[in-house]
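Reading through the structure tokens given below for one structure.
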Amino acid sequence: MLQIRRVYKEDFPNGKKIIYQYTSDNYYDVSYKERENGWVIDFTLKPFNTPFHKYLEGDIFEDYIEGIECYIAEFDGKEAGIVSFSHEEWNNVLRINDIHIYQSHQHKGIGSKLMALVKKRAAEKGVRAIILETQTSNYPAIQFYIKNGFHLIGCDLLSYSNNDIEKREVRVEMGLVLET
């Protein structure tokens, strides 16, 4: 049985560590060209020669994030996933900071239930959009976000390093416009 409960920073005096990991067979190859009258950025779906594996450790309650809301999904009493988001009041959007379903619990609808919770909270807060960040190498996440109504709204070609394009890890921003 799935249960989702809100948790607070105070519940985790030593922080709430999380391991982000994914495997992807595909990526979006990014090409960037300057022209006399503008720029062209193209995203083309391509397969990795060998599956791409990403592993990163983090803390859900980062000090720089203000007003964070965090929810843990538990399946049969065991932590199965987590989502955190914050209301950016200056531009009235809800930013998903983290959404992660543990590999052993993927494809059980848990991510969709957490996303539904985010959409409900966004409506309650009266925000104009929900936004998030992912990478061109995380094809499974991009497909999940598209399935949930998100669209590409921007990119950052130098977010993680000076050669993100070559590393196939360009930061992409995705967004879902809400009716207000």
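Would you check if A122 is modelled with pLDDT of 95 or more, outside any strand (DSSP E or B), open to solvent by less than 20 Å² (accessible area, probe 1.4 Å) and farther than 30 Å from D42 by Cα? The answer is yes for A122. Against the definition (more than 19 Å from Y55 (Cα to Cα) and of a type in the set (G, A, S)), how does A129 come out, yes or no? Spelling it out, A129 is indeed more than 19 Å from Y55 (Cα to Cα) and of a type in the set (G, A, S).
Return the residue satisfying two criteria in turn: it lies in the range 63-90 and is of a type outside the set (A, V, I, L, M, F, W, C), without any contact (Cβ under 8 Å) to a residue 24 or more places away in the chain and outside any strand (DSSP E or B), and of such residues it is surrounded by the fewest Cβ atoms within 10 Å (Cβ to Cβ). Among those residues, the one meeting the criterion is Y64. Looking across the range 149-159 at every residue that is in a loop (DSSP other than H, G, I, E, B) and open to solvent by 20 Å² or more (accessible area, probe 1.4 Å), the one that is farthest from L176 (Cα to Cα) is identified as L158. Here the range 26-62 is the region considered, the condition is being loosely packed, with under 10 Cβ neighbours inside 10 Å and hydrophobic (A, V, I, L, M, F, W, C), and the residue that is nearest to the chain's Cα centre (by Cα) is L56. The requirement of being among the β-branched types (V, I, T), open to solvent by 40 Å² or more (accessible area, probe 1.4 Å) and either touching a residue at least 24 places away in the same chain (Cβ under 8 Å) or not in a strand (DSSP E or B) (or both) is not satisfied by I96. For the range 162-180, the condition of being of a type in the set (V, I, T), open to solvent by 60 Å² or more (accessible area, probe 1.4 Å) and modelled with pLDDT under 95 holds for at least one residue.
The values are calculated or read from the model by the stated rules, or taken from the named source; none is laboratory data. Fair warning: this is a prediction, and the values are worked out from it, not measured in the lab. FYI the Cβ positions are ideal-geometry reconstructions off the backbone, even for glycines, and counts take in every protein chain you see. Heavy atoms of the whole protein, side chains included, go into the accessibility calculation; ligands, DNA and RNA do not. Shrake-Rupley method; radii C 1.70, N 1.55, O 1.52, S 1.80 Å.
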